[in-house]
Amino acid sequence: MARGLGLAPPPPPLLLLLLLAAATRSCEAQRNCTCPTNKMTICSPDGPGGACECRAIGSQAVVDCSTLTSKCLLLKARASAGKSGRSLVKPSEHAILDNDGLYDPECDAQGRFKARQCNRTSVCWCVNSVGVRRTDKGDLSLRCDEVVRTQHILIELRHRPTERAFNHSDLDRELRRLFRERYGLHPSFLSAVHYDEPTIQIELRQNSSQKRLGDVDIADAAYYFERDAKGESLFVGRRGLDVQVRGEPLHVERTLIYYVDEKPPQFSMKRLTAGLIAVIAVVAVALVAGAVVLVVSNRRRSGKYRKVELKELGERRSEPSL
C-alpha cells in the first residue's frame with residue numbers, strides 16, 4: 001500500500017533517532033520547565049508545541065514568566081500556600097501603610113485587584129491598585145466604583161550598622177540598576193533615592209497617563225523588592241536582596257512602604273487604633289490638668305496679694321494720726 005502511494009516507510013534507524021530526539025526534548029522541557037520570575041507557580045510542558053506553561057498557585061492563572069507577576073496573584077498564592085544632613089522625605093498626610101496583613105484577594109482577568117475585597121464573610125472594603133485598604137470596612141452593600149491608582153510609593157529601609165556610611169551616589173546607582181535589571185522597571189519611574197544613615201528612601205512614581213502597555217507596574221516592583229529585602233525572594237535561585245555597594249553588602253533590618261493614591265483615602269475616625277485613641281486621651285487629660293493648675297495658681301497668687309493688701313491697710317489704720 002505504501003509503495004502504491006509512492007511513500008516509503010523511514011528506515012528503522014532513522015525512526016529510532018527521531019523518537020529518541022523527541023523523548024530527549026520532552027525530558028529536557030520537563031526538567032527546565034520553571035518560572036524564573038515566580039516561585040509561586042506550578043509549571044508543566046503542556047503549552048502549545050510542548051512549551052513550558054506556568055500557572056499561579058491558588059488562582060490557576062497562566063503567568064508570563066518573562067516579567068513580574070501581579071501582586072494580586074502573588075498574594076492569592078501566598079494565602080493559598082499559607083492557609084546625614086540629607087533631608088529625607090516626610091510621608092504625605094494621605095499616605096497609607098499596609099497594616100491589614102495577608103488576605104486572599106479577588107483578582108480580575110488581568111490579575112489586578114478588584115475594587116472591592118471581602119474576607120469570605122459579609123465584611124468588605126475598597127482597595128487601591130496596590131491592594132491596600134483605603135476605606136473603612138463595611139458589609140456586602142459597600143460600593144467600590146473604581147480601583148484608585150497608587151501613583152507614588154515610598155519605600156523606607158533601615159540598614160545594619162556598617163563601618164562607614166555608604167556613598168550616596170554609589171547607593172543611588174546600585175538601587176537604580178537593581179530596579180532596572182532585576183525588576184524590569186523603566187528608569188523614569190524611580191524618581192529619587194534619599195539617604196541619611198542608616199535610613200534609605202526610594203521613591204517610585206507612576207500615574208495613569210505615564211504607564212504604557214507592557215510597562216512594569218510600580219506596585220509589582222515594590223512588592224518584589226519588599227520580598228527580596230525580607231529574604232523571601234520570589235525569583236527562582238535567589239534568597240534575598242544580595243546588593244553590594246562598592247563591595248559592601250546592603251543588609252536591610254527594617255522595611256516600611258507608604259502608598260499615595262491619585263485620590264485621598266476615605267477613612268473615618270474608626271480608623272484610629274486603640275493606642276492612638278489612648279494617646280489622644282492622655283494628651284487631653286494633660287491639657288485639662290494643666291489648665292486647672294494654672295487657674296488654681298492664679299487664684300492663690302491673687303489671694304496672697306489680697307492678704308498683703310489687707311494687712312498693709314490694717315497696719316496703716318492702727319498707726320496714730322499725726
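The values are calculated or read from the model by the stated rules, or taken from the named source; none is laboratory data. Everything quoted here is computed from the prediction, not taken from an experiment. Counting neighbours? That spans all protein chains shown, and the Cβs are built from the backbone with ideal geometry, glycine included. When the accessible area is computed, the model is the full protein with side chains, heavy atoms only, and any ligands, DNA or RNA have been set aside. Shrake-Rupley method; radii C 1.70, N 1.55, O 1.52, S 1.80 Å.
How many of the residues making up region 118-162 are open to solvent by less than 60 Å² (accessible area, probe 1.4 Å) and under 23 Å from Thr255 (Cβ atoms)?
18
Are any residues in region 219-243 farther than 27 Å from Val148 by Cβ and open to solvent by 20 Å² or more (accessible area, probe 1.4 Å), and if so, which ones? Steps first, answer last, please.
Step one: list which residues in region 219-243 are farther than 27 Å from Val148 by Cβ, which gives 231-233, 235-243.
Within region 219-243, Gly231, Glu232, Val236, Gly237, Arg238, Arg239, Asp242 meet the criteria.
If the requirement is being at pLDDT 75 or above and under 27 Å from Arg227 (Cβ atoms), which of these qualifies: Gly82, Gly101, Gly47?
On the way: Gly82 fails: at pLDDT 75 or above; Gly101 fails: at pLDDT 75 or above.
Being at pLDDT 75 or above and under 27 Å from Arg227 (Cβ atoms) holds for just one of Gly82, Gly101, Gly47, which is Gly47.
Quick check on my filter: what residues within region 190-201 are out of contact with any Phe, Trp or Tyr (no Cβ under 8 Å at 6 or more places or on another chain) and either modelled with pLDDT under 95 or crowded, with 20+ Cβ neighbours inside 10 Å (or both)?
Within region 190-201, the first condition is being out of contact with any Phe, Trp or Tyr (no Cβ under 8 Å at 6 or more places or on another chain), and the residues that meet it are 191-194, 196, 198-200.
Scanning region 190-201 gives a single hit, Ile200.
Can Leu171 be described as open to solvent by less than 30 Å² (accessible area, probe 1.4 Å) and of a type in the set (A, V, I, L, M)? Reasoning before the result, please.
Values: open to solvent by less than 30 Å² (accessible area, probe 1.4 Å): yes; of a type in the set (A, V, I, L, M): yes.
Judged against the criteria, Leu171 is a match.
When you go through Ala109, Ala165 one by one, which is the residue that is open to solvent by 90 Å² or more (accessible area, probe 1.4 Å), on the phi < 0 side of the Ramachandran plot and among the hydrophobic types (A, V, I, L, M, F, W, C)?
Values: Ala165 fails: open to solvent by 90 Å² or more (accessible area, probe 1.4 Å).
When all the criteria are applied, what remains is Ala109.
Looking only at region 35-74, how many residues end up being open to solvent by 60 Å² or more (accessible area, probe 1.4 Å) and more than 24 Å from Ala219 (Cα to Cα)? Walk me through how you get there before you give the answer.
In the first step, residues of region 35-74 are kept if they are open to solvent by 60 Å² or more (accessible area, probe 1.4 Å); the result is 36, 39, 42, 46, 48-49, 52, 55, 60, 62, 64, 66.
When the remaining residues are screened for being more than 24 Å from Ala219 (Cα to Cα), the result is 46, 48-49, 52.
Here the count works out to 4.
Being within 24 Å of Cys124 (Cβ to Cβ) and either out of contact with any Phe, Trp or Tyr (no Cβ under 9 Å at 6 or more places or on another chain) or at pLDDT 95 or above (or both) is true for just one of Cys107, Cys33. Which residue is that?
Working: Cys33 fails: within 24 Å of Cys124 (Cβ to Cβ).
Being within 24 Å of Cys124 (Cβ to Cβ) and either out of contact with any Phe, Trp or Tyr (no Cβ under 9 Å at 6 or more places or on another chain) or at pLDDT 95 or above (or both) holds for just one of Cys107, Cys33, which is Cys107.
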